[in-house]
Amino acid sequence: MVKNRALAAAYAGAGRFGVEVFEPATSTALKAAMLVHDLRNPLSTANPSTPLANPMDLFVVGANHGGLWRSAYAPRSVLGIAAVLGMFESRA
C-alpha cells in the first residue's frame, strides 16, 4: 500500500494509459530473479567484461517497464489525469 494518496491514485489510474504498476511482492520477486541472473550469467550486461554497443544497454536489456516505455504519452503529461481517474477507481 502506498501511503502518499496522490501517488496511490496515480498508480491506480495508470492502467487507463497502458501502464501496469506492479504490486510490491511482484517487483521484489522480479528484482530478485534479475539479481540472480546478473550474478550467474557470464553474458549478462551487468558483467563488466561484457561489451555493450551503448552504455544505456545496461538499463534497457533487463528493464521491466510495465508499459511505460511503449506508452503513447509522456509520463508527466498524463500524471495528473491518471491521479484524478485513480481517485475514483481506488477511493485513494
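Please find, within the range 14-31, the residue that is nearest to the chain's Cα centre (by Cα) out of those that are among the β-branched types (Val, Ile, Thr) and surrounded by 13 or more Cβ atoms within 10 Å (Cβ to Cβ). Looking at residues that are among the β-branched types (Val, Ile, Thr) and surrounded by 13 or more Cβ atoms within 10 Å (Cβ to Cβ), I get Val21. With the requirement that a residue be β-branched (Val, Ile, Thr), surrounded by 14 or more Cβ atoms within 10 Å (Cβ to Cβ) and either within 19 Å of Ala33 (Cα to Cα) or in the same structural domain as Ala9 (by TED's automatic domain parsing) (or both), what does the range 44-83 give you? Thr45, Val78, Ile81 - these are the residues of the range 44-83 that are β-branched (Val, Ile, Thr), surrounded by 14 or more Cβ atoms within 10 Å (Cβ to Cβ) and either within 19 Å of Ala33 (Cα to Cα) or in the same structural domain as Ala9 (by TED's automatic domain parsing) (or both).
When Arg16 is tested against (1) in contact (Cβ under 8 Å) with a residue 40 or more places away in the chain; (2) of a type in the set (Lys, Arg); (3) more than 30 Å from Leu85 (Cβ to Cβ), exactly one condition is not met: (3).
The values are calculated or read from the model by the stated rules, or taken from the named source; none is laboratory data. Model, not experiment: these values are computed from the prediction. Every residue, glycine as well, gets a Cβ built from its backbone with ideal geometry; the counts of neighbours run over all protein chains shown.
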